[in-house]
Amino acid sequence: MKFSVIIPVYNAEKYIEECVDSVLNQTYKDFEIILVDDGSTDGSKEICLDYKKRFPQNVNYIYQENQGQATARNNGMKVARGKYINFLDSDDKLESNALELVYKFFERHYNDVDV
């Protein structure tokens, strides 16, 4: 697993699908998505669980009582398996080749970059 994409989710039902789809549609396919539900009160949980059901190899779901984005990210890091970790907000999206470009850059400059 090269990438772990950790997405904190809080009441994001209006835009979480666009976010997750932007990761699932990457040209580089060696990744996992970790959706950390920070106590959402809307339909976010059901959407996240649907992704986990449809993409069990790539999507992980964690629920926590509302503790904020930083705690959600930290809890996601506890289960992350990727060589590289990416944090993506639930209202953001990636260009389709983002992970591929990042991977190539970091591998080419692995000994030169401290991240």
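Kindly give Rg over Rh for region 14-76, based on alpha-carbon atoms, with the Kirkwood expression for the hydrodynamic radius. List each step's numbers first, then the result.
Values: Rg = 11.7 Å, Rh = 12.2 Å.
When Rh is taken as the Kirkwood radius, the ratio is 0.96.
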Discussion item. Rounding to the nearest 10 and keeping the result within 0 to 90°, find how far the Cα-based axis of helix 69-79 lies from the longest principal axis of the chain.
Written reply: 60
Worksheet item: Which value, in Å² and to the nearest 10, is the accessible area of GLU18 when all protein chains are kept and the probe is 1.4 Å?
Response: 110
Response to the item:
If every Lys and Arg gets +1 and every Asp and Glu gets -1 at its Cβ, then about the Cα centre the chain yields a dipole, in debye to the nearest 20, of 500
Practice prompt. Give the dimensionless ratio obtained when the Cα radius of gyration of region 57-115 is divided by 2.2 N^0.38 Å.
Written response: 1.34
Worksheet item: Name the chymotrypsin sites (Phe, Trp or Tyr not before Pro) in region 9-115 that are in a loop by DSSP and that have at most 10 other C-beta atoms within 10 Å, would you?
Response: TYR110
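If you stretched the chain out fully between MET1 and ASN74, how much longer would it get, using 0.36 nm times the residue separation minus the C-alpha to C-alpha distance? Write down the numbers at each step before the final one.
On the way: separation 73, 0.36 × 73 = 26.28 nm, distance 1.87 nm.
Going from the current span to full extension adds 24.4 nm.
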Worksheet item: What angle, in degrees between 0 and 90 and rounded to the nearest 10, separates the Cα long axis of helix 98-108 from the longest principal axis of the Cα atoms of the chain?
Response: 40
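Please compute the per residue accessible area over the chain with all protein chains in place, 1.4 Å probe, rounded to a whole number of Å². All intermediate terms of the calculation are to be shown ahead of the outcome.
Values: 6680 Å² over 115 residues.
Here the per-residue accessible area is 58 Å².
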Worksheet item: Say the cut-off is 19 Å between C-alpha atoms; which of LYS14/LYS83; LYS29/LYS78; LYS83/LYS104; LYS53/LYS78 go over it?
Response: LYS14/LYS83; LYS29/LYS78; LYS53/LYS78
Item to complete: For the chain, give the percent of accessible area contributed by carbon and sulfur heavy atoms, probe 1.4 Å, rounded to a whole number.
Response: 46
Practice prompt. For GLU100 paired with PHE87, estimate the spin-label separation in nm (one decimal), with each label point 7 Å from Cα along the Cα-to-Cβ line.
Written response: 2.8
Worksheet item: Say a site is exposed when it is one of the trypsin sites (Lys or Arg not before Pro), sits in a DSSP loop, and has at most 14 other Cβ atoms within 10 Å; what is then the longest site-free stretch of the chain?
Response: 30-80
Discussion item. If I take every Cα pair under 8 Å that is 6 or more residues apart in the chain, average their sequence separation and divide by the length, what percent do I get for the relative contact order?
Written reply: 40
Worksheet item: Which angle between 0 and 90 degrees, to the nearest 10, do you get for helix 44-54 versus the longest principal axis of the chain when only C-alpha atoms count?
Response: 60
Discussion item. To check my understanding: the extent here is largest minus smallest coordinate of the Cα atoms along each principal axis. What are those three numbers for the chain, in Å, largest first?
Written reply: 43, 25, 22
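The values are calculated or read from the model by the stated rules, or taken from the named source; none is laboratory data. Just so it is clear, the model here is predicted, and its values are computed rather than measured. With ideal geometry, Cβ positions are generated from the backbone for all residues, glycine too; neighbour counts draw on all protein chains shown. Heavy atoms of the whole protein, side chains included, go into the accessibility calculation; ligands, DNA and RNA do not. Shrake-Rupley method; radii C 1.70, N 1.55, O 1.52, S 1.80 Å.
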